[in-house]
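K.L.:
I have a structure I would like to understand better, so I am pasting it below and will then ask my questions one at a time.
The values are calculated or read from the model by the stated rules, or taken from the named source; none is laboratory data. Just so it is clear, the model here is predicted, and its values are computed rather than measured. Positions of Cβ are generated from backbone atoms using ideal geometry, with glycine treated the same way; all protein chains shown enter the neighbour counts. The area values use the complete protein model at the heavy-atom level, side chains included, leaving out ligands, DNA and RNA. Shrake-Rupley method; radii C 1.70, N 1.55, O 1.52, S 1.80 Å.
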Amino acid sequence: MKSIIYLGMDVHTTNYTLCCYTLEDDRMCHLQQIAPDYRLILKYMDQVRRLYNNDVEFLCGYEAGCLGYSLYHQLTAHQVRCVILAPTTMGAVLGVRKVKTDKRDAMLIAKCLAFHTYHPVHIPTPEEEQVKEFIRMRDDHKLALKRIKQQISAFCLRHGFHYTATKSKWTQAHWKWLKSLKPDGLHQETLNEYLLTCSSLCDKLERLDRRIEELAAQEPFQERVRQLTCLVGVKTHTALSIIVEVGDFNRFPTAGKFASFLGLTPGEASSSDKQNRFGITKAGNTHVRRLLVEAAQSYARGQTGRKSKDLKARQAGNKEQVIAYADKGSERLRRRFRQLLYKGKQHNVIKTAIARELSCFIWGMMTDRIA
């Protein structure tokens, strides 16, 4: 039987640091720093393999980071076993680190591979990865729109323009007011450029949202998107984002594990009879966690047992079991929201608690546990 060499790789855009570890010798060896090229990794492995008379197998790994899945796909295309380690799951070996270098990081990764003290990152399908990148690009444009609106509001405030016609901003009335402003000199041109950029981003977001609707109507996303949109607060953009970000829901054995993956589990540092609980861990997928917290706000509105026309339209065509499961979840979460509100809990705490329970219903729906 061939021995296994665990190859830890600390990867950066400028260099890769490689280090081997074997359980038989229990030592680190063949530390080397190379240029960021997967072909040099293959050459390095061939050199090490010759030292062992070709009687070894390699298991490579690196932390999830700036390289994404590119290095993984390059190595697996050459029949090299490779895993991507989730950084937040390496804490058991990590401990308290007072010295952090590329060499130590590569050694840590190699030991994590050998003793399996990590969780691998899920590798999405090419379709999931492409859609995920597209949705994140759309969200970047949404963030840019938010910033430009803040800049316009700040510009108006600095020059003494105050909008008081309505309570809400960025309505048609507010837009009309902004276009009617006549600041002095070059300030007029500055405001016009701000408004032009804002209008352009609004038009682009509308076009991108239409494209997301088209992607959600294609296989293999259509059926799962239709199911998720049966829930209150979950529309096409949110549903498709959750699906492509999570990938395989069956890799989570319980709903609690799924909530932990999203960082919606409270932190704890208890000892003996003392129990100390903190806020949520915020580990795992930031994008899905943010979407669920935003969706949780929807449960502050509406009445238990009543559906809006939009929700009925989204539920049309789904199986009766799916609709019943979604209605059960929506009613439970609305009641839960009001219970926490009556207890005097802070609004952000309530939304986080609702987001956690919503994630459990989503997990049950995606794993066919809707009975």
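K.L.:
Which whole-number percent gives the relative contact order of the stretch 2-151, counting Cα pairs below 8 Å spaced six or more residues apart? Show your work: numbers first, answer last.
P.N.:
Values: 208 pairs, mean separation 40.8, N = 150.
Computed value for the stretch 2-151: 27 percent relative contact order.
K.L.:
Please calculate the 1.4 Å probe accessible area of ASP10, with all protein chains present, and give it to the nearest 10 Å².
P.N.:
The accessible area comes out at roughly 10 Å².
K.L.:
Applying the Karplus parametrisation 6.51 cos²θ - 1.76 cosθ + 1.60 with θ = phi - 60° to the phi angles of the stretch 183-200, what ³J(HN,Hα) value in whole Hz is obtained for each residue in order, glycine and proline being reported as x?
P.N.:
For the stretch 183-200, the Karplus-derived couplings read x, 7, x, 5, 4, 5, 5, 4, 5, 4, 5, 4, 5, 5, 5, 5, 5, 5 Hz, x marking Gly and Pro.
K.L.:
Could you run the Debye sum over the Cα atoms of the stretch 212-371, one equal point scatterer each and no solvent, and tell me log10 of I(q)/I(0) at q = 0.11 Å⁻¹, two decimals?
P.N.:
-0.44
K.L.:
At 7 Å along Cα-to-Cβ for each site, give me the label-to-label distance between LEU31 and THR171 in nm.
P.N.:
Output for this residue pair reads 6.5 nm.
K.L.:
Using a 1.4 Å probe on the protein heavy atoms, what percent of the accessible area of the chain belongs to carbon and sulfur? Write out the running numbers ahead of the final one.
P.N.:
Numbers: 10640 of 21200 Å².
That share works out to 50 percent.
K.L.:
Can you tell me how much longer the chain between SER308 and HIS78 gets when fully stretched, taken as 0.36 nm per residue apart minus their C-alpha distance, in nm with one decimal?
P.N.:
Values: separation 230, 0.36 × 230 = 82.80 nm, distance 5.34 nm.
Once the chain is fully extended between SER308 and HIS78, it gains 77.5 nm.
K.L.:
Further, regarding this structure: Between CYS360, CYS66, CYS20, which gets the highest mean-square fluctuation from a Gaussian network model of the chain, Cα cutoff 10 Å?
P.N.:
CYS66
K.L.:
Whole angstrom only: what separates the Cα centroid of the stretch 118-159 from the Cα centroid of the stretch 255-316?
P.N.:
21 Å
K.L.:
Largest first, what is the accessible-area ranking of PHE155, PHE134 with a 1.4 Å probe?
P.N.:
Numbers: PHE155 5, PHE134 50 Å².
The residues order as PHE134, PHE155, largest area first.
K.L.:
Continuing with the same structure: With respect to the cross-link table entries LYS149/LYS182; LYS132/LYS282; LYS146/LYS167; LYS307/LYS345; LYS142/LYS328; LYS257/LYS309, which display a Cα-Cα separation exceeding 30 Å?
P.N.:
LYS142/LYS328; LYS257/LYS309
K.L.:
Related question: Using a basic spin-label model with each label point 7 Å from the Cα along Cα→Cβ, how many nm lie between LEU181 and GLN346?
P.N.:
Using points 7 Å along Cα→Cβ, the separation is 3.3 nm.
K.L.:
Another question about this same structure. Please give the peptides 116-126, 239-249 ranked by average Cβ packing (other Cβ atoms within 10 Å per residue), highest first, as a rough proxy for protection. Walk me through the numbers before you get to the answer.
P.N.:
Values: 116-126: 15.0, 239-249: 21.2.
Put in order of decreasing packing, that is 239-249, 116-126.
K.L.:
Scan (i) 5, 24, 34, 27, 10, 0; (ii) 6, 23, 25, 20, 14, 8, 3, 1, 0; (iii) 4, 18, 22, 22, 19, 11, 3, 1, 0 for the value of P(r) over Cα pairs in 10 Å bins from 0, in percent calculated from this model and give just the label.
P.N.:
Structure-derived value, by its label: (iii).
K.L.:
How do LYS146, LYS111 stack up against each other in accessible area, from largest to smallest, with a 1.4 angstrom probe? Walk me through the numbers before you get to the answer.
P.N.:
On the way: LYS146 120, LYS111 85 Å².
Ranked list, largest accessible area first: LYS146, LYS111.
K.L.:
Could you check which residue among ALA64, ALA165, ALA326 shows the biggest mean-square fluctuation in a GNM of the chain with a 10 Å Cα cutoff?
P.N.:
Ranking ALA64, ALA165, ALA326 by mean-square fluctuation puts ALA165 first.
K.L.:
What ranking of MET137, MET366 comes out by heavy-atom accessible area, probe 1.4 Å, highest first? Numbers along the way, then the final one.
P.N.:
Values: MET137 60, MET366 25 Å².
Largest to smallest exposure gives the sequence MET137, MET366.
K.L.:
On to the next question. Using a 1.4 Å probe, how large is the accessible area of LYS328, given in Å² and rounded to the nearest 10?
P.N.:
Accessible surface of LYS328 is approximately 130 Å².
K.L.:
Something else now. By how many degrees, between 0 and 90 and to the nearest 10, does the Cα long axis of helix 126-158 differ from the longest principal axis of the chain?
P.N.:
For helix 126-158, the angle is close to 50 degrees.
K.L.:
Once the piece of chain linking LYS142 and GLU206 is laid out straight, how much longer is it, given 0.36 nm per residue of separation minus the C-alpha distance between them? Could the numbers behind the result be given before it?
P.N.:
On the way: separation 64, 0.36 × 64 = 23.04 nm, distance 1.05 nm.
Taking 0.36 nm per residue and subtracting the Cα distance, the gain is 22.0 nm.
K.L.:
What order, most packed first, do the peptides 206-212, 261-267, 78-84 have when packing is the mean number of other Cβ atoms within 10 Å of each residue? Could the numbers behind the result be given before it?
P.N.:
Details: 206-212: 12.7, 261-267: 19.9, 78-84: 15.9.
For the peptides 206-212, 261-267, 78-84, the packing ranking is 261-267, 78-84, 206-212.
K.L.:
Another question about this same structure. Counting heavy atoms of the protein chains only and a 1.4 Å probe, report the per residue accessible area for the chain as a whole number of Å².
P.N.:
Working: 21200 Å² over 371 residues.
Roughly 57 Å² per residue, with all protein chains present.
K.L.:
Right, something else. Cut-off 10 angstrom, C-alpha nodes, Gaussian network model of the chain. Which of ASP273, ASP184, ASP140 fluctuates the most?
P.N.:
Looking only at ASP273, ASP184, ASP140, the largest GNM fluctuation is found for ASP273.
K.L.:
OK, next. At 7 Å along Cα-to-Cβ for each site, give me the label-to-label distance between LYS103 and LEU40 in nm.
P.N.:
About 1.8 nm separates the two model spin labels.
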